[in-house]
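Below you'll find the structure, written out as structure tokens, and then a few comments.
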Amino acid sequence: MDLSDLGPLPTYGGAGILLVIIAVLTRLWLTGEKRHADEINRMREAHAAEFARINDAHDAELAEVKADVAELREKYDALDKRFDDERELRRRTEDQLAAALRQIRPPDA
């Protein structure tokens, strides 16, 4: 039996096997790509959830810090007013003392 008697059958058989191999490899590749895409989507969702959790914690911490700063500003303003009041009291006391000293000892004496 001569292969030339079979005609194009040997060529079609080889091409058919090659097409089957290509189809199997393509299917495996697409399945792998789908799993890869699914994993990437899962990681994106996990990242978004973690980012939201961190932002919520950060917002709460920021609000607490702002409240602390406001409280410290109030305390600073109260202390600053008290300091100004004491400085004004000291200035008046020194003026009264100077006036009393001028009455006791006139400047030309």
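Over all Cα atoms in the chain, the spread is summed up by Rg and Dmax: 45.9, 152 Å. Computed from point charges on the beta carbon alone (+1 for Lys and Arg, -1 for Asp and Glu), the dipole magnitude for the chain about its Cα centre is near 360 Debye. Measuring only protein heavy atoms, the 1.4 Å probe finds H47 accessible over about 120 Å². I'd like the carbon and sulfur percentage of the solvent accessible area for the chain, probe radius 1.4 Å, heavy atoms only, ligands and nucleic acids excluded. The value for the chain is 62 percent carbon and sulfur by accessible area.
Under the simplified labelling scheme, the R44-V24 pair shows an inter-label distance of 3.4 nm, with each label point 7 Å from Cα along Cα→Cβ. For the pair R87 and A60, a Förster radius of 35 Å applied to the C-beta separation gives a FRET efficiency near 0.30, rounded to the nearest 0.05. In the full protein context, the chain carries 94 Å² of accessible surface per residue, based on a 1.4 Å probe and ignoring ligands, DNA and RNA.
The sum of -39500 (n - 2.57) across all DSSP H runs of n ≥ 4, divided by the residue count of the chain, sets its helix-only mean residue ellipticity at 222 nm to -34000 deg cm²/dmol.
The values are calculated or read from the model by the stated rules, or taken from the named source; none is laboratory data. Predicted, not measured: the structure shown is a model, and the values here were computed from it. Backbone-built Cβ (ideal geometry, glycine too); neighbour counts: all protein chains shown. The area values use the complete protein model at the heavy-atom level, side chains included, leaving out ligands, DNA and RNA. Shrake-Rupley method; radii C 1.70, N 1.55, O 1.52, S 1.80 Å.
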